[in-house]
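Below you'll find the structure, written out as structure tokens, and then a few comments.
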Amino acid sequence: MVGSFVSVMPGSLPIVSEKCNYFGVVKNTESRVDEAFGALADPTRRRVVELLGARPYRAGDLARELGTSAPVMSRHLRVLLRAGLVTDERPPDDARARIFSLRADQLAAVSAWLDQVQAHWTEQLGSFRRHVERRSRS
């Protein structure tokens, strides 16, 4: 299974998909959710995600919008990139610029996890309510 994600030619670097880490180990949903929550723990990064939800931004524009310095914004964007919540691309007309966009598919993994937690607690609370109602009738 790992071979389907990583191919290594003699004398070359491994080619790794987004679902694998450097060593070819498939990232499971739990680790992706952990990374996402870790990245979203910071209010500035949450605000970056909100802004990128509206449209793509250059790093400098994000820094100005949030009132931070370029190095601080760079660190926040690096964390969001590592967590897979944002992506970047270089426009063909300016190799120095990077345009950041939100990766909605990664947020969908967080949303799916939250849906599972909500379904679990809805069931637990429903069960508790039925128990209390049975006890009150007795």
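List of remarks:
- Loop-located trypsin sites (Lys or Arg not before Pro) in segment 39-138 (DSSP state other than H, G, I, E, B) with a sparse environment of at most 12 neighbouring Cβ atoms within 10 Å: ARG96.
- Nearest-0.05 FRET efficiency for ASP42 and VAL117, computed from C-beta distance (R0 22 Å): 0.55
- Residue-normalised convex hull volume from the C-alpha trace of segment 28-137: 125 Å³ per residue.
The numbers here are math on the coordinates, done by the rules we state, and not lab data. Everything quoted here is computed from the prediction, not taken from an experiment. Note that we place each Cβ from the backbone using ideal geometry, even for glycine, and neighbour counts take in every protein chain shown.
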